[in-house]
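Everything on this sheet refers to the single structure shown next.
The values are calculated or read from the model by the stated rules, or taken from the named source; none is laboratory data. Given the structure is predicted, the values throughout are model-derived calculations rather than measurements. Neighbour counts run over all protein chains shown; Cβ positions are idealised from the backbone, glycine included.
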């Protein structure tokens, strides 16, 4: 086991896979000479050269479009959106081309492409550097959408994504790039894209979360444990495919469910999880399914007090957990 931060896990996994398979190429803004704005690809251009580590113009549609063509042609590209917020120009390429290529070609062509997106708030990034974009892509059949938030999960799931035959949107919460650290198993291990992971067991309520919200939910669960309320915390970590089996099993165990997510609450990924529980586990519930999501405003504020108002926190989650436990 080796202790790493989240960002180190991304760097090391990419480095190992690029050494293992020369078909991997990296495309994005400042990924080469600068090594990426978060230093994820630091040293890559020196080792792999400018033919594989490609600094692109500021044009996300071409980054993904070129990567799709390269994938169809036999390479295994990694396309980096410098910030997830910049995804919009590439939306047409991701949704109408990458996600549908295998379907439209009746299986003749696949797009083995990983689209890395640093996402989420808590970094004083305001409107254009704080967005949560997962719900846009989790809606689309043909894409896999994952959001691991621990170094071990990032390592295992990124390896799986890089070896997958179809496109994967790989979300990396930038606010916990360096603040979260953990042990990573040595060796060439993978974690399948799809299964959720129960990070904490408890008999009273079940909390579902991913990204930075997972870590806040775990902290809130420890606070409630001091009051005698034991919470199960499920790391959803894969939004598409969604692990319905684990979601429902853990819902039935406690009968009280809370879904926490940073994105705007309305039409967020948590709504799908809530609907699944309500439809399939209704008779096992002892309380309404509850959600805690971002407020209904167009974007993250810049100033810290309002950013804190927008973001999830252990305090906010604990309040909602107590409400659920007391129902």
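You will find that of 245, 280, 262, the residue that is closer than 23 Å to residue 171 by Cα and surrounded by fewer than 16 Cβ atoms within 10 Å (Cβ to Cβ) is 245 and no other. Residue 321: surrounded by fewer than 20 Cβ atoms within 10 Å (Cβ to Cβ) and touching a strand residue (DSSP E or B) at 6+ places or on another chain (Cβ under 7 Å), yes or no? Judged against the criteria, residue 321 is not a match.
The lone criterion from (1) touching a residue at least 24 places away in the same chain (Cβ under 8 Å); (2) in contact with a strand residue (DSSP E or B) (Cβ under 8 Å, 6 or more places away or on another chain) left unmet by residue 225 is number (1). Scanning region 149-184 for residues that are assigned to a strand (DSSP E or B) and surrounded by 19 or more Cβ atoms within 10 Å (Cβ to Cβ) returns 168, 169, 170, 171, 172, 173, 184.
Selection of region 185-194 for residues being exposed (fewer than 14 other Cβ atoms within 10 Å of the Cβ) and touching a strand residue (DSSP E or B) at 6+ places or on another chain (Cβ under 8 Å) yields only 186. Has region 250-258 got at least one residue that is closer than 24 Å to residue 309 by Cα and modelled with pLDDT of 95 or more? Yes, the conditions are met somewhere in region 250-258. Among the residues making up region 43-70, those that are under 11 Å from residue 30 (Cα atoms) and in contact with a helix residue (DSSP H, G or I) (Cβ under 7 Å, 6 or more places away or on another chain) are 53, 56.
Can you find a residue in region 220-232 that is closer than 19 Å to residue 292 by Cα and in a loop (DSSP other than H, G, I, E, B)? Yes.
Of all residues in region 194-212, at least one satisfies being assigned to a helix (DSSP H, G or I), assigned by TED's automatic domain parsing to the domain that holds residue 291 and either within 14 Å of the chain's Cα centre (by Cα) or farther than 20 Å from residue 308 by Cα (or both).
Considering only region 217-231, state which residues are surrounded by fewer than 22 Cβ atoms within 10 Å (Cβ to Cβ) and either within 27 Å of residue 192 (Cβ to Cβ) or in contact with a helix residue (DSSP H, G or I) (Cβ under 9 Å, 6 or more places away or on another chain) (or both).
Listed by number, the residues that qualify are 218, 219, 222, 223, 224, 227, 229, 230.
Residue 31 meets each of the listed conditions (1) within 24 Å of the chain's Cα centre (by Cα); (2) surrounded by 19 or more Cβ atoms within 10 Å (Cβ to Cβ); (3) not in a loop (DSSP other than H, G, I, E, B) apart from (3). In region 16-28, what residues are more than 14 Å from residue 79 (Cα to Cα) and in a loop (DSSP other than H, G, I, E, B)? Residues satisfying the conditions are 21, 22.
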